[in-house]
Every structure is written in C-alpha cells, then in structure tokens.
Amino acid sequence: MSISGLEVARAHWLFGALFLAMVLDEVGSTLEVGTTRRPSYYLPLVLLLAGAGMWGASVFANSVIDAVVHSLWGDVLLAAGSLELQRRRGRLRAWWGPLVVPIAVAVCGGLFLAHSDGPLSDPAARWHVLMGWALVMAGAAGVAWVRRQRQGWLMAYGTLLAAFSFLLLTFPR
Amino acid sequence: MSRVGSPVRAVRGTVARTLFVAGMAIVGMAWLAPAAWAHASLDHAVPGPEEELRAPPTLLLLFFDEPVSLPFSQVTVTANASGGGPNLVAGPLRSVGISGIEVFVPLRPGPTGSYTVRWRVLSPADGHVAQGAFTYGVGVPAQPPAVLPGGAPPIGDDVMRWLIFLGLALAGGSLAFRALVWRPALRAAAVEAGDGGNGADAAVDWNREADWPWFTGAALVGAVVALHAELYAFLASAHAVTGGSLAQFAGAQVQPLRTETRFGSSWTWTTFVWLAVIGLVLTGWLGSPRRREPLLAAAAAAALAAGLGMSTSGHAAAGSAVQMGVDFLHLTAAALWTGGLVALAVLAASPSGRDRHAARRRAVFAASLARFSSLALGLVVALIAAGVYLALVEGRWPATLHRAWGAALVAKAVLAAGAVALGAYHHWRVVPRLRLQAAGPAPGLGRVGRSLAAEATLAAGALLAAAVLTNLAPRA
C-alpha cells in the first residue's frame, strides 16, 4: 500500500498555495514605501504551520528517505518560525536574526536536492531538482538582500520564492 | 510536655525506613521481570532442532508462542555445507491455524546433508522482531548452524525508547509538576508572605520570574525529543523487518508497516499528539498569562496521553485491555516521578545569595518538595503495584533469566531502588529539616539540589534499563 499520486499532488498544492501567500505578504510588505506597519506575524506563523505540516507529511511518506527528509524540513521550518517569531516580537536582537529565514530557505533547498534520487528523465525527479535549486538560490539572494539592502536582491529573492511556489503548485504526479 | 527523640535514634529510624523502602523497591522491580515475556519465540518445530530424518521433508511447521505477522516474516532453509546452497523454501509462508501461531513453510526436497532453518518473525502485538536458527539432518546427524556475519545489537532502538521515556517525563512530568505542585506551593507561599489573598496572581506579582520559563522550555525540549525518537524508533523497528544496508533501507517502502502494525499506527497518532503538545506549549508561552495555565495543563495531559502509544504497541499490547491500562499507569507514574524530580533539582539550583527573591524562592522550594514528596510516595506505590499486577498476569514463573536480559533487569532494580531510597531520604529527612529551618536563617539548597539530581539521574538510569529490557527476549 502506498499514498496515491493524487494525494501527494494535493499536499504539494496546499503547501504551494501557503508558500505563495507567505511570499506575497513578506515581499509585498517590505516593498511598501512610506508606511509604518506593525510587524506581521504571518510569516513566522506560516513557517510554524508548515513545519507541523511537514511532520504530518513525514508520517504518510511512502519511503524511509521521504519520511526522514520531510521530518528534517519540519525541523528547519519550526526552528526558523520560532526564531523569526521571537525576532518580530523584539526578543531576538542578534545580528544574525534577519538571516534566519533566508538560511532556512537555502537549507530546505539543499534537502530537496538530497531528496531527488531518481533519474532526471523522471519528471518528478526533475521537478525536485528545479525546486531545490530555486530554494538554494532564493536563500542566497535573501542573504545578499539582508547584508546589502539592495532592492534588486529583494526582487530576486521574491521572484525565486514565487517560482518555487509555482513549481510546487504544478508538481507532476 | 512533648518528647523529642535523640538525633541518633532519628537517624537510625530514617536509615531503617530507607532500607525498608529500597528493599521493597527491589522486590517490586524483580516482580516486573515477566513483563518482558511477550517477544514471539519458537515453541517447537516439525522437523525439530537437531532431528535426524530418513527422507527430505516437503514442509516445515513452526509453532510460536504468540501470533506472528506473516507478511513481515521470513524463513530460509539452506544446506549447512560451505556456501549454503539455494533456499529450499518453495512458496509463501502460510498460517495453518486460526490462532496465528503456526506457520506452514513449503519446502523443495534436498539431497542428504545437514540443513539450517533461519526464521525472522514480527509480532504484530508488540512490534518486536524475533529471530533464530536451528538445524536438522537428512540421512546424517544435524550439524550446528553456520554463523552469519553482522547482527549488531539493537542499541539504536533502545536509545530511542529511552528518549521517548525522557520526553514523556520532561514534557508531561514537568508540566504536571507545575500544575499540581509548583503553582499551589507558589500560591501558598504568596499568601503566607502577606502578598494578598489573590492566590497565584498575587504570587506572580511579587516575582516576575515566578512564571518560570524553565517549565515551557523543558516541555518543548521533551516534546521535540520524543517526536524525533518516535520517528527513529519506528524506522529502527522497520529496519529490523526489512534488513539490508542503509542505502537499501532509504528506499524501503514503510507504508505497509505503518498501517498494518500496532507500532506503526501508534507512531502515526503519537506524532500528531506531540505536535499538539508543541503547539499548546508555544501558544501558552506566547499567549496571555490568563490563558497560559489551561493551555499548559492541556499540554501536560496530551504529553502523558502520548504514553499510550508505548502501552498499545509494547509488551502489554499482547495481553488484554486491562493490561494495557495498567502498563499505561506504570508509565505515567514513572514519567510524573522523574519529571517532578528533574524540576525540583533545577528549582533547588536556582536560588542564590545574589537573588533578592532567594528567601521566597526557598520557601516555594520547601513547599514544593513537601507536596511532591507526598505525591511521589503514591506514585512509587502505583509504580510497584502496577508492576506486580503485570507480573502476575503476564508472568511465567520461575523465569529463566537470559544473560543480557537478567543483567538489564538487575541494573534496573538496583537503579530504581537507589532512587526510591533517596526519595525516602528526602521524604523523612529533608522535608522535616526544611520545615524546622523555615523560621531561622536560610542556608543554601546546594546539597538538597545535588541529592535530588542524583535521584533524578538514578530514575533516568532505571528508565534506560527499562528501555533495554523492552527490546530483549528473556529466554535464550
């Protein structure tokens, strides 16, 4: 018995939609000029929710590697969500605080690449590689944006994250 | 006129009570021995071990002492000569009775010689894999089975089970300690100090740190540790069924094991329970103080309920629902005891001379120790009583002690007895002494903290021995 392709695709669509909403909220609010807003807790809460969801997905994974990688994604997202929440509440003021989310994104991308074990002729394996590289590059762009504060890096960060969401939404099964 | 006994007599009385309690604990723990009888083991076989046959058999019958799960069981029959030769098993394993303990193995006839039967079966009740080998001869006497390379001890599974125990104790035990012992002690100390009659709210006012973040931190650590240990314990059990190298195992399909075994289904729901515990603790931690207590109490209840996962997939699962309930009681009492000890040890370490609230913290500690000491007495009684019940129901006396199993059992009994002895010392010596000192100057709690830490360490060691015991078959 294994989880059907349709169920897997539904789970990916759900995460894709959640992620896209998170990206739009995060990048959109950062691009707003001349307005002062209360810090949004949407991003950390979505990260925490996604982390719990990843652990839930690990239970229903078909293979051992799927279970382990989904649990590791869950760990990274839960840790990033907790730290980001503390940062937005003003409890975490360390210089590395703003780097937490971009680094978590890059680590998740690395796990995607480790997860894709099939031949590249397989569409699902190819999609995993694309998603992995999208996240790794998004993480790098995010780190560059935090360090340099140039809008070009922010656009690259947001575009790559949106691309990742699109790849999740169109995951072939 | 009140009579005050001499200090020497008081010490003798304490020593006698401590030794008595330790002795009773050893007897109680020894009674726990048969609780580990539930590994499926080969009762007998046809042809049997070392039997010499005139003609090659066309079937092999294996009789186990409890039902086995055929889809996850393997049997091979190979020639005992060098090289082994092909597997003579001619078809899938079948159960020939309704009880599930008899396994029918069709065989191809082989030439004259000695043959090795290797069996590896999964017990669907407790999720343990048992394996063994024996030989029979065809036209010649049976030779001893050839030794297979590898076969590492299941240390990974033991460690994971221990981490689950510790997670239960840290998350469930410490949060229950907070609700049942620490908060009432805090309230009592606040009222005594004249901080007003508003109970806990007033107490929190006089000491901001009173809403001690250690409890939420410990509960989060415990829940996260248990969440991971549950996953890797499941994977260790799955590997015991599938075998193979790490690379082969990475691609192994584990869904059938998750859905068709008790240890798989218990992993499924305990994962969501631990996620709920993490969510409740985080919400309680971040939310308003008014909502904190119900959320943390719910987290404590959920964490303790996660122990049902072990009771419904461990040895007790091979028995009745009552046995599972008593096993759950046993586990819950151990978690409450150990978690409370850890919390007390940390609480004793927190007061210092530089702390302006040191005197009040000390009063809260003394009240907490007194409350917990009474509670722990009941917990230890429940622990031993549950163990005795399980032993009487599941036991097969006199037990034949497996060497490793016997060593683990003795280690568990000694460690638990040591912890109980220290508990008796705290109950009969430390609590009265702290009461007497309440009116005078407040000395440090370093010595009490160390003895509490020693008791917690011994209890954690006993849990480790219990984790090892659950994975060992008591018979050779």
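Annotations for the structure displayed:
- Filter result (more than 10 Å from every other protein chain (Cβ to nearest Cβ) and of a type outside the set (S, T, N, Q)) within segment B:258-274: B:Arg262, B:Phe263, B:Val273
- Within this structure, A:Arg147 passes the test of being away from chain B (no Cβ under 14 Å), farther than 18 Å from A:Phe164 by Cβ and either part of a helix (DSSP H, G or I) or of a type outside the set (A, V, I, L, M) (or both).
- Condition met for A:Gly132 (facing chain B (nearest Cβ under 10 Å) and surrounded by 15 or more Cβ atoms within 10 Å (Cβ to Cβ)): no
- Of the candidates A:Val143, A:Val129, A:Val107, the single residue that is closer than 22 Å to A:Leu24 by Cβ and in contact (Cβ under 8 Å) with a residue 12 or more places away in the chain is A:Val143.
- Looking across segment B:275-291 at every residue that is more than 23 Å from the chain's Cα centre (by Cα) and closer than 21 Å to A:Trp55 by Cβ, the one that is farthest from the other protein chains (Cβ to nearest Cβ) is identified as B:Gly284.
- Residue that is farthest from the other protein chains (Cβ to nearest Cβ), among those in segment B:216-248 that are free of Cβ contacts under 8 Å to residues at least 40 places away in the same chain and under 24 Å from A:Val76 (Cα atoms): B:Gly217
- Candidates B:Ala301, B:Ala321, B:Ala333, B:Ala305 - the one that is among the small types (Gly, Ala, Ser) and either buried (at least 21 other Cβ atoms within 10 Å of the Cβ) or over 19 Å from the mean Cα position of the chain (by Cα) (or both): B:Ala333
- The condition of being within 14 Å of chain A (Cβ to nearest Cβ) and surrounded by fewer than 17 Cβ atoms within 10 Å (Cβ to Cβ) does not hold for B:Pro294.
Rundown of residues vs (1) among the hydrophobic types (A, V, I, L, M, F, W, C); (2) part of a loop (DSSP other than H, G, I, E, B); (3) within 11 Å of chain B (Cβ to nearest Cβ), yes/no style:
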{"residue": "A:Leu72", "(1), (2), (3)": "yes, no, yes"}
{"residue": "A:Val76", "(1), (2), (3)": "yes, no, no"}
{"residue": "A:Leu85", "(1), (2), (3)": "yes, no, yes"}
{"residue": "A:Gly90", "(1), (2), (3)": "no, yes, no"}
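- Within segment A:38-59, the set of residues being more than 8 Å from chain B (Cβ to nearest Cβ), surrounded by 18 or more Cβ atoms within 10 Å (Cβ to Cβ) and over 18 Å from B:Leu282 (Cα atoms) comprises A:Ala57 only.
- Failed condition for B:Leu186, given (1) more than 30 Å from the chain's Cα centre (by Cα); (2) modelled with pLDDT under 80; (3) of a type outside the set (D, E, K, R); (4) buried (at least 17 other Cβ atoms within 10 Å of the Cβ): (2)
- Hits in segment B:307-321 (condition: more than 14 Å from chain A (Cβ to nearest Cβ) and either part of a loop (DSSP other than H, G, I, E, B) or in contact (Cβ under 8 Å) with a residue 60 or more places away in the chain (or both)): B:Gly307, B:Met310, B:Thr312, B:Ser313, B:Gly314, B:His315, B:Ala316, B:Ala317, B:Ala318, B:Gly319, B:Ser320
- For segment B:45-63, the condition of being assigned to a strand (DSSP E or B) and at pLDDT below 85 holds for none of the residues.
- Test: A:Gly109 is at negative phi, buried (at least 20 other Cβ atoms within 10 Å of the Cβ), in contact with a Gly (Cβ under 7 Å, 6 or more places away or on another chain) and within 13 Å of chain B (Cβ to nearest Cβ): no
- All positions within segment B:308-318 that are under 19 Å from B:Trp274 (Cα atoms) and buried (at least 21 other Cβ atoms within 10 Å of the Cβ): B:Gly309, B:Met310, B:Ser311, B:Thr312, B:Ser313, B:Gly314
- Matching option when the condition is small (Gly, Ala, Ser) and over 27 Å from B:Gly418 (Cα atoms), among B:Gly279, B:Gly339: B:Gly279
The values are calculated or read from the model by the stated rules, or taken from the named source; none is laboratory data. Because the structure is predicted, anything quoted here is derived from the model rather than measured. Backbone-built Cβ (ideal geometry, glycine too); neighbour counts: all protein chains shown.
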